[in-house]
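First up is the structure itself, then whatever we jot down about it.
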Amino acid sequence: MTTPTFTPRVFSGIQPSGGLTLGNYLGAIKRFVQMQDAGMPTVYCMVDLHAITVWQDPSDLQHNTRELAAGFIASGISPEKSILINQSQVPEHAQLGWIFSCVARMGWMQRMTQFKDKAGKNTQNVSLGLFGYPALMAADILVYHATHVPVGEDQKQHLELTRDIATKFNHDYGVDFFPITEPVIEGAATRVMSLRDGSKKMSKSDPSDASRINMTDDADTIAKKIRKAKTDPDALPSEAAGLSERPEARNLINIYAALSEQPVDDVLREVGGQQFGAFKPLLAELAVSKLSPISSEMARLMADPAEIDRILARGARQAREITVPILEKTYEIVGMVR
Ligand code: AQP
């Protein structure tokens, strides 16, 4: 059998499970914009079906979905260049998700560390959806035959599972129908850590608001959170090796490097030897200068939610031109009578 070549296509998504954080921006959205601007066909998604794997208040979910769309657009994702969608408006995601739930093996799912982290000791009481989530994520990607998926480091294992699902489907049915997707995990901030604990990922659902920078935070709030960020008493090193045992210092330097688009070594050449008392105001100033234009644009877009809804409706129509034929062909391969 010949291996088909798949046309490059980029897909990625973010859950509207809270407000956008600096982690989502640096780990994911910045790369989304770069790939769009490099001229690749791109599909970006608010994954609302994933968000409800944990409880979401319905009105918050609506608000967060529109605000996330505003965040995408304000960060540089153009609805003219990318297909911008809300997952539940493109039903083929969930339909292919079911097929993939029948391809993925229990043993594979039980190895997913994000499930273990999110369920904690509560594995009997969390939703079945939280456990099955990675099969739906594989469907989100493969229902577009996407070849490249820009994500933060925390999603690496789910992308390996996506490759396993595609491989098993192709093998079981004797086809070369689904591509083996490449994760794109690059840059200085693929894993932005909590400002309160350098061993924990910055997360929109962390109960402590001080642990994260929200894209909607104003300048004073950003400066205050950075001023209060956990650090150690030592001065900053002049080389990256000096950060290896200092997770909080490494995190702030990585954030600085990603925001200023410089390698970590160049940043340390500039700020090595400084105490945090001197470095934190520099970081705050940089963060405010990069994030303020985005948050003001988000506020402007949120003043017209009907326009956001129009953009998403158009995105869903464009997306379904791709997803309907791929799902139909999948059903045919599986042997469903149509
Ligand atoms: N701290 C982070 N550093 C770098 N990248 C990150 N991402 C998330 N947090 C960081 C990347 O953002 C994209 C969207 O993530 P998501 O919203 O789908 O889910 P998540 O990874 O579970 O993010 P959160 O903020 O922690 O959400 P909750 O609290 O709802 O679970 C992904 O590409 C992710 O890698």
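Coordinate-derived values only; no laboratory data. None of the values given here were measured: they were computed from a predicted structure. Glycine gets a Cβ as well: all are built from the backbone with ideal geometry, and neighbour counts include every protein chain shown.
Between amide H atoms placed 1.01 Å from N, distances below 5 Å from GLU182 occur with HIS148, VAL149, all of them 5 or more places distant or on a separate chain.
Here's the picture: charge each Lys and Arg Cβ at +1 and each Asp and Glu Cβ at -1 in the chain, and of ALA316, ALA306, GLN62 the one pushed furthest to the positive end of that dipole is GLN62.
Ordered by the number of other Cβ atoms lying within 10 Å of each residue's own Cβ, fewest first, HIS148, HIS50, HIS93 fall into the sequence HIS148, HIS50, HIS93. Centre-to-centre separation between the Cα atoms of the stretch 5-43 and those of the stretch 223-265: 25 Å.
Scanning residues 5 or more positions from THR21 or on other chains, those with amide H under 5 Å from its amide H are MET215, with H placed 1.01 Å from N in the peptide plane. In the stretch 184-283, the alpha-carbon atoms span a convex hull of 107 Å³ per residue. The charge dipole of the stretch 86-202, taken about its Cα centre with unit charges on the Cβ atoms of Lys, Arg (+1), Asp and Glu (-1) only, comes to about 580 debye. The P(r) of the chain has a tail past 37 Å containing 20 percent of all C-alpha pairs. Backbone geometry of the stretch 298-313 corresponds, through the Karplus equation with coefficients 6.51, -1.76 and 1.60 at θ = phi - 60°, to 3J(HN,Hα) couplings of 4, 4, 5, 5, 5, 6, 10, x, 5, 5, 4, 4, 5, 4, 5, 5 Hz, x marking Gly and Pro. Dipole orientation for the chain: of the candidates SER295, PHE100, GLY23, PHE100 has the Cα lying most toward the positive pole (charges on Cβ; Lys, Arg +1; Asp, Glu -1). Sequence-ordered 3J(HN,Hα) estimates for the stretch 167-177 from the Karplus curve with 6.51, -1.76 and 1.60 and θ = phi - 60° stand at 5, 5, 4, 4, 5, 4, 9, x, 10, 10, 8 Hz, glycine and proline given as x.
Treating only the Cβ of Lys, Arg, Asp and Glu as charged (+1, +1, -1, -1), what charge dipole size does the stretch 173-330 show about its Cα centre? Round to the nearest 20 debye.
Roughly 460 debye for the stretch 173-330.
When peptides 292-305, 243-256 are ranked by their average number of other Cβ atoms within 10 Å per residue, the highest-first order is 243-256, 292-305. When DSSP beta bridges are restricted to pairs lying wholly in the chain, around 10% turn out antiparallel.
Determine the calculated [θ] at 222 nm for the chain from helices alone, applying -39500 (n - 2.57) to every DSSP H run no shorter than 4 residues and normalising by the residue count; nearest 500 deg cm²/dmol.
Details: 13 runs with 173 residues, N = 338.
Rounded to the nearest 500, the figure is -16500 deg cm²/dmol.
Each residue of the stretch 246-255 was assigned a 3J(HN,Hα) from its phi angle through the Karplus curve 6.51 cos²θ - 1.76 cosθ + 1.60 (θ = phi - 60°); the sequence is 10, x, 6, 5, 4, 4, 5, 5, 4, 4 Hz, with glycine and proline shown as x. Taking every C-alpha pair closer than 8 Å and separated by at least 6 residues, the mean separation divided by the residue count of the stretch 185-338 gives a relative contact order of 22 percent. Summary value for the stretch 1-97: 36 percent relative contact order, contacts being C-alpha pairs under 8 angstrom separated by 6+ residues. Of the cross-linked pairs LYS118/LYS156; LYS201/LYS230; LYS200/LYS228; LYS116/LYS230; LYS118/LYS204; LYS121/LYS228, those separated by over 21 Å at the C-alpha level are LYS116/LYS230; LYS121/LYS228. The charge dipole of the chain, taken about its Cα centre with unit charges on the Cβ atoms of Lys, Arg (+1), Asp and Glu (-1) only, comes to about 500 debye. Across the chain, the relative contact order, built from alpha-carbon pairs under 8 Å that are at least six residues apart, equals 23 percent.
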